[in-house]
Amino acid sequence: MNPHDETTPAPTVGAALVVLLALLILTATTVGLAFLELPPAVHVTLAMTIAAIKAALVAAVFMHLLREAPATRLVALMAAILLAIFMLMVTVDIRHLGGG
């Protein structure tokens, strides 16, 4: 997207409200997970997955990632894959240390 292009529409109020509602629900879910009796590896995996979903929502709607050039979307996809690898490594490390 050209940074000087003024024709790119901002998210509509409805879209922003839907994303706000989704972010609030996901945040409440993350807080609710803290009160569940789950192994630490499961807690970390679920919390990081929810955080990744929230980041994807913000990137897609407010950073206009869906309307970006294919190369920009490819970079974002590679970052998401790298995040998934790091999440897997953390989960394996926690399980290896006896946390789950």
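The values are calculated or read from the model by the stated rules, or taken from the named source; none is laboratory data. Please read these numbers as outputs of a predicted model, since none were measured by experiment. All Cβ positions, glycine included, derive from the backbone under ideal geometry; neighbour counts span all protein chains shown.
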Per the filter on region 80-100, residues at pLDDT below 90 and within 18 Å of the chain's Cα centre (by Cα) are Ala80, Leu83, Ala84, Phe86, Met87, Leu88, Met89, Val90, Thr91
So, first residue farther than 15 Å from Thr49 by Cβ and touching a residue at least 40 places away in the same chain (Cβ under 8 Å) in region 14-29, second residue surrounded by 12 or more Cβ atoms within 10 Å (Cβ to Cβ) and of a type outside the set (Val, Ile, Thr), Cβ within less than 8 Å, six or more apart or across chains; the pairs are Ala16/Phe62; Val19/Pro11; Val19/Leu57; Val19/Phe62
Going by what's in this entry, would Ala59 be described as modelled with pLDDT of 85 or more, of a type in the set (A, V, I, L, M), in a helix (DSSP H, G or I) and closer than 30 Å to Val13 by Cβ?
yes
Counting only residues that are surrounded by 14 or more Cβ atoms within 10 Å (Cβ to Cβ) and basic (Lys, Arg), region 44-72 contains a total of 1
Scanning region 73-84 residue by residue, the ones that are more than 20 Å from Met48 (Cβ to Cβ) and in contact with a Leu (Cβ under 7 Å, 6 or more places away or on another chain) total 1
Among Leu36, Leu82, Leu77, the single one that is closer than 30 Å to Pro9 by Cβ and either part of a loop (DSSP other than H, G, I, E, B) or among the aliphatic types (A, V, I, L, M) (or both) is Leu77
Here the residues within region 54-91 that are touching a residue at least 40 places away in the same chain (Cβ under 8 Å) and aromatic (Phe, Trp, Tyr) are Phe62
